[in-house]
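Each reported figure results from applying straightforward, stated rules to the coordinates on display, with no laboratory input. Since we're looking at a predicted model, the values are computed, not measured. Cβ: placed from backbone, ideal geometry, glycine included. Neighbour counts: every protein chain shown.
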Amino acid sequence: MNSLFWITLTISIIGFVVLVSMKKGMESKVASVKANLEDEENTSKAKSVIWWIWGTIVWGIVSIILVVWSF
């Protein structure tokens, strides 16, 4: 098996583990933001949730590209 396969597998597994481990924290941040929409603290929480979503999207796109490229 070539190294591209192992790189793809590693990125996919590590990304999935990070995604699952951070999911509960992001759910609580979203609930906090929804409960108190006007607080300054919630603005930073909302930004961190948005960055987490973008990071998840980028991880997914990179994983898909690597899987397709490995074939």
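Overview of results
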| read-out | value |
| --- | --- |
| Sum of -39500 (n - 2.57) over DSSP H runs of 4+, divided by residues of the chain (222 nm, nearest 500) | -32500 deg cm²/dmol |
| Total charge dipole magnitude, the chain, about the Cα centre, Cβ charges on Lys, Arg, Asp, Glu only, Debye to nearest 20 | 200 debye |
| Unit charges at the beta carbon, dipole of the chain: most positive-side option, SER63, LEU37, PHE5 | PHE5 |
| The chain: GluC sites (Glu not before Pro) in DSSP coil with no more than 14 other Cβ atoms inside 10 Å | GLU38 |
| Kirkwood hydrodynamic radius over Cα pairs of the chain, then Stokes diffusion coefficient at 37 °C and 0.692 mPa s, in µm²/s | 239 µm²/s |
| Theoretical gain in end-to-end length, PHE5 to VAL67 [0.36 nm per residue, Cα-Cα removed] | 21.5 nm |
| Residue-by-residue Karplus 3J(HN,Hα) for the stretch 20-36, coefficients 6.51, -1.76, 1.60, Hz, glycine and proline x | 5, 5, 8, 4, 5, x, 5, 4, 5, 5, 5, 4, 5, 5, 5, 6, 10 |
| Potential extension, LYS34-VAL18 segment - 0.36 nm per residue separation minus Cα distance | 3.4 nm |
| Relative contact order (percent, whole number), the chain, Cα cutoff 8 Å, 6+ residue spacing | 49 percent |
